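*Asks:* One structure is given below, represented as structure tokens, and several questions about it will come after.
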Amino acid sequence: MEVTTNNMSCREILLWRATAAVFWSFVLHSVILFMVLFIMNFNLWHPFLWIEQCAGLCLSWGTWLYLFPLGLVICAQGIVCCKDFMVVSRYCGTRFAIFCNMVSPHALIMGALYAVISGCITWIYVSLVGGKYGKIAALCSSDGNKTCLIEGYLFLMLNGFWIGIYFFVHDYIFGPRTLLFPVIQQLKFVQVKAELQPLIKQAMIDAVSPTIYFTVMYFWNGGAIRDYVSDIMDYNVEDKSLETVFGLMNISLVFYAWCFSGIFIFTIYTMILMFEVHLTEHLVFLVSPVYRNSDCLTLHKSLAVTDIPIIQYLGFLDLKILAEKDHRRREELFTLSHPGGHPYNWNAVVEESLKLIRKFTEDINKANTETQPVPESKDYFSSKSSVVVSAGNHSTSISGMRNMSLRVQNMSDIYLCQSSSNIAQFQSPPVSISQESIIRTIKLHATQALDALRRKPGISFIFGELPDAKVRYHLAQCQPVIWAVQGLSHLAAASFKEDSYGVVQKDLPAIITSLFQLKQALDKLQKMGNYKRSQRTEHHNIKMKAALRSAVKRSLYCICITFGDHVKELPLTKDILQQLQDFLIFREG
């Protein structure tokens, strides 16, 4: 499904899509709420009574009033997802930076928001389901004149806050927060329908571990929390407590905790799904600006929006689809301006695309260089080059004598140069040392001291750069690079028949050169073997690296198949022409 910009700005596009995601998420969770009420009140022996009670419960004003706090919770979740998907991800290259990111004010606010959201969702479902755990206090069974605390309600509410904190740390802090684009653009309803059943299964599976952890923690410290709450609210406590092994073997209570935890996780998953479905929908940008409206968001402007990544992603996705399927817009991209006869549209698009590819190639090469181990420094006085003379036989090798003679000669030359410079300095008047040289010397010594301090084992573990952090960071954001590579190659192939003015041919050498430079950088990354498999984001990074490698090879094959031996006439370097020969004879695997 395609949507046009209609002269909308970046803010308007994101506002409309985020609002649609929040609205449909609220509708979905309202339906889920009513379905949970039907399932929880199931009565096998009286089916008609069950249907009548559930219908009356769903149509009552009390139930509908709970939809208002549910809507507030959904809006809060929408704000969280907007913040995560629409800003540039922060690079954390050291363990200390990762820790600072975990305890930053933004992370603490997000963690508190997750806990409040999970507690609110648990309160809504516990109150609507009712039963013996539907309220916090009731009349004591031993003495009807006293009010006792219902520990099961407290257990479920504490579990609600716990699951929010657990999910925040487990998935938000250590999990990947990348926006996944579908391989095939489909209707939003089809995408949601296909993902709902797997998400329900995954949410219920992910809720098992935190429920077990909370049950064990409540066994050790639940009594203190129960006594503290009962003292504050002036409630009595029943003799039978959950702080025992037999008390926590209450199957129904543990089932409710697991079910409400799964509902919260499913709520988060579906919100993320709604944002992915709405934000990743194909958006058609204008190739040329509207007459007398130069501020409209065109294709080449969207490619240059680096501060809002989702807009840049949508721009390169539109470029890829334009290059593959849209013949009319390709003609508009290949046309010349009137008057003047300049290919402004093509120049702007190819400039932004090549800029992104070259920057990514430079970042990958730099990350590869920093990841490689530093070779040992070789000097004349190292153990490998020094001459060892045995005290027993006084025998030396010929090569050792030659090296020693050369060294003596070099040392004598150095001594003569130093003596002559000392004599010249003695004869010349004293020169005052400038302030800049003093500052430069202090900075040099400070840098050397810091480097020596960082090399200490404990400090290096905390403040040292992780060996593959930059590689992971760049690979996680290579989706627009894939689309840029595919878009440029298909545009170059289409220009062979459609480009009547030859606007693409002048940039064809630059396109081929950039693709080969990117291929060489990825080949170095593949050969180095520095890519550890230790984090949860590994699967996504491996997939992105494989997708980028295959996209580069397919793009080079696309250009070589289209132009054939004509590529040999392009002004390319000898190395690139030699590598192009492998693609022309289909020898590149």
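*Asks:* Residues in region 161-171: is at least one among the hydroxyl-bearing types (S, T, Y) and either under 30 Å from R472 (Cα atoms) or open to solvent by 40 Å² or more (accessible area, probe 1.4 Å) (or both)?
*Replies:* Yes, some residue in region 161-171 is among the hydroxyl-bearing types (S, T, Y) and either under 30 Å from R472 (Cα atoms) or open to solvent by 40 Å² or more (accessible area, probe 1.4 Å) (or both).
*Asks:* Let me ask something additional. Under the condition of being part of a helix (DSSP H, G or I), open to solvent by 40 Å² or more (accessible area, probe 1.4 Å) and modelled with pLDDT under 90, which residue from region 532-561 is nearest to F181 (Cα to Cα)?
*Replies:* Among residues in region 532-561 that are part of a helix (DSSP H, G or I), open to solvent by 40 Å² or more (accessible area, probe 1.4 Å) and modelled with pLDDT under 90, the one nearest to F181 (Cα to Cα) is K543.
*Asks:* Okay, next question. Pick from S302, S252, S288, S337: which is open to solvent by 20 Å² or more (accessible area, probe 1.4 Å) and assigned to a helix (DSSP H, G or I)?
*Replies:* Criteria check complete, one pass: S252.
*Asks:* Next question. Looking at (1) open to solvent by 50 Å² or more (accessible area, probe 1.4 Å); (2) part of a helix (DSSP H, G or I); (3) touching a residue at least 60 places away in the same chain (Cβ under 8 Å), which one does G152 not meet, given that it meets all the others?
*Replies:* (1)
So that you can scan it fast, the table gives a plain yes or no per residue for (1) at pLDDT 90 or above; (2) outside any helix (DSSP H, G or I); (3) within 26 Å of the chain's Cα centre (by Cα):
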position: F516; (1), (2), (3): yes, no, no
position: A521; (1), (2), (3): yes, no, yes
position: L525; (1), (2), (3): no, no, yes
position: F563; (1), (2), (3): yes, no, no
position: H566; (1), (2), (3): no, no, no
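*Asks:* Among all residue pairs at least 6 apart or on different chains, which show Cβ distances below 6 Å where the first residue, located in region 215-235, is closer than 16 Å to N159 by Cβ and the second is open to solvent by less than 30 Å² (accessible area, probe 1.4 Å)?
*Replies:* Within 6 Å, the pairs are T215/L248; F219/L248; R226/E151.
*Asks:* Limited to region 189-227, what total is found for residues that are touching an Asp or Glu at 6+ places or on another chain (Cβ under 7 Å) and open to solvent by 40 Å² or more (accessible area, probe 1.4 Å)?
*Replies:* 1
*Asks:* Being open to solvent by 50 Å² or more (accessible area, probe 1.4 Å), touching a Gly at 6+ places or on another chain (Cβ under 9 Å) and farther than 15 Å from R226 by Cα is the requirement here; does V116 meet it?
*Replies:* yes
*Asks:* I would also like to ask the following. Give the residues of region 47-96 that are surrounded by fewer than 15 Cβ atoms within 10 Å (Cβ to Cβ) and of a type in the set (S, T, Y), sorted by residue number.
*Replies:* S60, S89, Y91
*Asks:* Could you count how many residues in region 483-497 are open to solvent by 10 Å² or more (accessible area, probe 1.4 Å) and under 27 Å from the mean Cα position of the chain (by Cα)?
*Replies:* Let us first name the residues in region 483-497 that are open to solvent by 10 Å² or more (accessible area, probe 1.4 Å), namely 483, 486, 490, 493-494, 496-497.
Of the ones still in play, those that are also under 27 Å from the mean Cα position of the chain (by Cα) are 483, 486.
Qualifying residue count for the region: 2.
The values are calculated or read from the model by the stated rules, or taken from the named source; none is laboratory data. This one's a predicted model, so the numbers in the text were calculated from it and none came from an experiment. Neighbour counts run over all protein chains shown; Cβ positions are idealised from the backbone, glycine included. All accessible areas refer to the heavy atoms of the entire protein, side chains included, with ligands and DNA or RNA removed. Shrake-Rupley method; radii C 1.70, N 1.55, O 1.52, S 1.80 Å.
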